[in-house]
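FYI, it's all coordinate maths here, none of it is from the lab. This one's a predicted model, so the numbers in the text were calculated from it and none came from an experiment. No Cβ is skipped: glycine too gets one built from the backbone with ideal geometry, and neighbour counts run over all protein chains shown.
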Amino acid sequence: MRRKKSSIVWIQGITCNGDSHSFYNYESMKSFSKDFEMLYHPLLLLKKSFQEIIEGEDAFDFLIIEGALSKDKSIIERFGYGMEDIVDALSKRAKHIICAGSCACYGGVFRLRDEKSIFGLLFSGKQKGGYWKDSSNVINLSGCPVHPSWIVDTLYALKENKKVITDEFLRPKEIYAYLAHHGCIRNEYFEWKVDCKGFGHKEGCLFYEQGCLGPMTHANCNKILWNNVSSKTRVGSPCVGCTEFDFPRKSLYETQTNMSLPQAPVGISKRAYYALAGVAKGFKIERLEKRLMDEDN
Amino acid sequence: MKITKEIVERIEGEAVLELEWEKNKINFAKIKFFNYRGLEQIMVSRPLYDALVITPRVCGICSSAHANASILAIEDCYTSFGENLNISAKAKAIREIVLNIEKIHNHIKWYYFTILPELKKIDNNGKKTAYAFAQKEWFEAQKAIVTILKAGSIFSGQWPHASFLMAGGVTCDPLRSDVTQAQNIVDEVIDFCEEHIFGMSLSEFLGIDSSIQIMGSNSSLSDGMDILMRHGFDSIGRSFDKFIALGESYMYDEASKAVKTTVVKADVKFVSESLEHTFFESKANGYTYSKSAMYKKNYFEVGPMARLIIGKDPLIRDFHRRFKDSVVTRVVSRVAEIAHLLNRTQYLLRHLDISQVSCKKPKIHLKVLSGEGVGAVEGARGSLIHRVRVKEGIIKEYDIITPTVWNLGNGSQENPSIAQEAIIGIDSISKADIVFKSFDVCSVCTTQ
């Protein structure tokens, strides 16, 4: 027997709708709909209209916020309401609040136009304090876009009253304790410091030249994969660090170096990293210098 | 004269229609978009390739179209600086496969997520019936969307907001097994479309040339047609019968425009953007953030109907002969294009020569690249244009003209835009709402 369905209200601030469309890529939507009811979503004709939701008084379980927030009504409003009228009113009726995507978490790409008036809900970039100073019932699911499983898995955990352990940015550790680097099929090239010779190759690591931020980006992309089939690094593109507060950094296709050395992976001291890298670089591993599928042997 | 304000929702956001009524008919409509993001501004002073990451964020539903337009604009900068990048047939095919798949997904999503529920509501005296997250048909359509996007992600890594393009080609280097998997996934979606949308096999559907054959089929397309005809949409929503398609397509030889069914060559250089009625022109007197795109100062309709009229598709020509550029023809065009795109994508996958080079690195170093570039692609909703000016590898100016600003511009009473013309003369809000939605409006794209 199924339990009572939990209710969701989904609202949007300054957005591209990418998190919504990513959510609609969830593979087991029918099963999901047996446990959750979407009362309102801006893209679909559902049970409640925006007016009914905003004018209503009923409590609901989850408020999902997509997009950056601003109190400036001249750049963002919905149905004549400013974000203050929407977010503040609805959050009082929600048990949990989920920020879906990097814009709602930190302000994201749209914050770059005006960092003084565009924020994430609880963070402004790295800084604590965004649209609100603080709140105790918020979970951040960063990513540009957010992965559908991150939303669904978090909704289930909260519905079932499981303790969700979070990091300093209020992100569930189950997802964000991993790095995009984990599960990358180019890992052996990273270990032996063999870089990718340009773009469009199966071989080589994208960390040294092409700007890959996999070793410093918190996300399980290469563990669970995107669209259940691939990831940026699997198709030869560098990780752009889209789950982090500083996304999008400048020069996304170039590795930022200090005295021609790349940054050390997150949590690894420069000394440890450069010592190991120096040793690995000292050896020329013939197998790794060749094409993966070499016609000569 | 009575003036009313209506909100059109579920168009990837909202728009406000300010309607002027005369004798119970719409006399004029102002179309207002109130949200602004400023991505064109955000790109200034960044390295050129950053556009490949930032421009997809213009739009969550057509991110790959933006990435494709961006790479063409970037490569055009190299051309203007003296280096002609030679893109391999394989890289070109992969770019088209990913774009086609995004379009297939868009059209299926629009039909089942947007227009069909609205039509059902109209047919039910304005009362909602539980459809999304409720009916089997909706779940199956959602599954088809998930499935087709998986096929594209084999090459693009993810959807939305894929990164797989680079000056000189694509970053992926697929294996034979990747191509096989993609083929079989596309085949599954063909099964879905045959059963639910076409009501016949794909090859049969591609062979029909008469509207009667569609109406006689047992499919959700004919269900939608039925409702549209019953409510008079075969004569509602007509605009100027002027079409344009500026991006490449296998359906026609070159960028073209059509007035009625006469097709002539067109060139992206004659496209201009009007700031009339926008807040950019006047903070005090403007009423929208949406600009208007024009070709030689004239409004043209973009989208699947434009592509299929220009491509002389026999089925859409038949619809057009009977119903002109009405809502019915616009809706059928969007759905019929799914069949063409599926067929074309299977062809491209079958003939993909994976032994070719994925990406040829430009000889000119990015740090010295200066010039201007234009990229035009056919996105789901029509012609999408990116223009960039670069100096020593740094973006100086970036301009994006989206399909929705072609269709939903704001003209004057004497010279109305495509959507304004389509709405004038209608006697009810609910009908005007459907006409508006028949353009598959994308609010987020409208105001970058």
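At q = 0.13, 0.17 Å⁻¹, what log₁₀ I(q)/I(0) does a Debye calculation on the Cα points of the stretch A:90-200 give, no solvent, two decimals?
Each listed q maps to, in turn, -0.60, -0.87.
Across the stretch A:24-31, in residue order, what do the Karplus-derived ³J(HN,Hα) couplings come to in whole Hz, using 6.51 cos²θ - 1.76 cosθ + 1.60 with θ = phi - 60° and x for Gly and Pro?
Along the stretch A:24-31, the couplings run 6, 8, 5, 6, 9, 5, 5, 5 Hz.
Using alpha-carbon pairs under 8 Å, 6+ residues apart, how would you state the relative contact order of the stretch A:6-172 in percent?
Details: 323 pairs, mean separation 38.9, N = 167.
So the answer I get is 23 percent.
Across the stretch B:403-409, in residue order, what do the Karplus-derived ³J(HN,Hα) couplings come to in whole Hz, using 6.51 cos²θ - 1.76 cosθ + 1.60 with θ = phi - 60° and x for Gly and Pro?
x, 5, 6, 6, 7, 10, x
For the pair residue B:276/residue A:272, report the inter-label distance in nm, with labels modelled 7 Å from Cα in the Cβ direction.
Placing both labels 7 Å beyond Cα along the Cβ direction yields 6.5 nm.
From the phi of every residue in the stretch B:382-397, what ³J(HN,Hα) in whole Hz does the Karplus formula 6.51 cos²θ - 1.76 cosθ + 1.60 yield, where θ is phi - 60° and glycine or proline is x?
Once θ is set to phi - 60°, the couplings for the stretch B:382-397 become x, 5, 10, 10, 10, 10, 9, 10, 10, 10, 6, x, 10, 5, 9, 7 Hz.
Where in the stretch A:153-195 are there trypsin sites (Lys or Arg not before Pro) that are in a DSSP coil and have at most 14 other Cβ atoms within 10 angstrom of their Cβ?
Hits after loop and neighbour filter: A:162, A:163.
Can you give the Kirkwood hydrodynamic radius for the stretch A:6-172, in Å, rounded to one decimal and based on Cα pairs? Kindly include the intermediate steps, with their values, before the conclusion.
Details: mean 1/r = 0.0635 Å⁻¹.
That comes to 15.7 Å for the stretch A:6-172.
Take the stretch A:178-289, compute every pairwise Cα distance, and split them into 10 Å bins from 0; I just need the percent in each bin.
Cα pair-distance distribution for the stretch A:178-289, in percent: 14, 48, 33, 4.
I'd like to know how chain A sits against the 2.2 N^0.38 Å rule of thumb: what's its Cα Rg over that expected value? Present the calculation step by step, with values, prior to reporting the outcome.
Numbers: Rg = 21.4 Å, N = 297, 2.2 N^0.38 = 19.1 Å.
That works out to 1.12 for chain A.
Can you tell me the convex hull volume per residue for the protein assembly as shown, based on C-alpha atoms, in Å³ to the nearest whole number?
Details: hull volume 120.1 nm³, N = 745.
Spelled out: Cα convex hull of the protein assembly as shown, divided by residues, is 161 Å³.
What's the magnitude of the charge dipole for chain A around its Cα centre, counting Lys and Arg as +1 and Asp and Glu as -1 at the beta-carbon? Answer in Debye, nearest 20. Present the calculation step by step, with values, prior to reporting the outcome.
Details: 41 positive and 36 negative charges, 102 e Å.
It comes to approximately 480 debye.
Return the loop-located chymotrypsin sites (Phe, Trp or Tyr not before Pro) in the stretch B:72-136 (DSSP other than H, G, I, E, B) with at most 12 other Cβ atoms within 10 Å of their own Cβ; answer none if there are none. Each step should come with its number before you reach the end.
Details: sites: B:78, B:81, B:110, B:111, B:112, B:113, B:131, B:133; in loops: B:81, B:131, B:133.
Counting only loop positions with at most 12 other Cβ atoms within 10 Å, none of the chymotrypsin sites (Phe, Trp or Tyr not before Pro) in the stretch B:72-136 qualifies.
At a Cα cut-off below 14 Å, give the aspartates and glutamates reachable from residue B:367, other chains included and same-chain residues fewer than 8 away excluded.
The qualifying aspartates and glutamates are A:254, B:50, B:392.
Taking the Cα-to-Cβ direction at residue A:279 and at residue B:41 and moving 7 Å from each Cα, how far apart do the two end points lie in nm?
5.2 nm
Whose amide H sits under 5 Å from the amide H of residue B:170, counting only residues 5 or more places off or on another chain, with H placed in the peptide plane?
B:359
Whole percent per 20 Å bin, from 0 to the bin with the longest distance: what is P(r) over all C-alpha pairs of chain B?
Taking all Cα pairs of chain B, the binned fractions are 26, 59, 15, 0 percent.
Which of the aspartates and glutamates could be linked to residue A:173 by a straight reach, that is with a Cα gap under 16 Å, when you skip same-chain ones fewer than 8 residues away?
A:153, A:244
For each pair in A:128/A:193; B:32/B:128; A:128/B:5, compute the distance between the two Cα atoms and list the pairs where it is over 30 Å. All intermediate terms of the calculation are to be shown ahead of the outcome.
Details: A:128/A:193 37 Å; B:32/B:128 26 Å; A:128/B:5 40 Å.
Correct reply: A:128/A:193; A:128/B:5.
Of A:92/B:291; A:250/B:92; B:297/B:437; B:103/B:242; A:48/A:92; A:34/A:232, which sit over 30 Å apart, Cα to Cα? Walk me through the numbers on the way to the answer.
Working: A:92/B:291 38 Å; A:250/B:92 28 Å; B:297/B:437 25 Å; B:103/B:242 22 Å; A:48/A:92 18 Å; A:34/A:232 32 Å.
Table pairs above 30 Å Cα-Cα are A:92/B:291; A:34/A:232.
Kirkwood Rh, the stretch B:147-202, all Cα pairs: how many Å? Please report the intermediate quantities before stating the final value.
Details: mean 1/r = 0.0798 Å⁻¹.
12.5 Å is the Kirkwood radius here.
Between residue A:286 and residue A:57, what length in nm is gained on full extension when 0.36 nm per residue of separation is reduced by their alpha carbon distance? Please report the intermediate quantities before stating the final value.
On the way: separation 229, 0.36 × 229 = 82.44 nm, distance 6.83 nm.
Fully extending the segment from residue A:286 to residue A:57 adds 75.6 nm.
Let me have the relative contact order for chain A, percent, based on Cα pairs under 8 Å that are six or more residues apart. Don't skip to the answer; put the middle values down first.
Working: 545 pairs, mean separation 41.1, N = 297.
Normalised by residue count, the contact order of chain A is 14 percent.
Using Cα centres only, tell me the gap between the stretch A:24-102 and the stretch B:390-426 in whole Å.
30 Å
Would you mind computing, in nm to one decimal, how far apart the modelled labels at residue B:18 and residue A:162 are, each placed 7 Å from Cα along Cα→Cβ?
Between residue B:18 and residue A:162, the label points sit 5.2 nm apart.
Chain B: longest stretch without exposed trypsin sites (Lys or Arg not before Pro) (DSSP loop, at most 16 other Cβ within 10 Å), sites themselves excluded? Present the calculation step by step, with values, prior to reporting the outcome.
Numbers: sites that count: B:23, B:127, B:128, B:260, B:283, B:296, B:297, B:312, B:324, B:363.
Longest stretch, sites excluded: B:129-259.
Please identify every one of the GluC sites (Glu not before Pro) in the stretch A:1-98 that sits in a loop by DSSP and has no more than 15 other beta carbons within 10 Å of its own beta carbon. Let's see the in-between values first.
Details: sites: A:27, A:37, A:52, A:55, A:57, A:66, A:77, A:84; in loops: A:27, A:57.
Sparse-neighbourhood loop GluC sites (Glu not before Pro): A:57.
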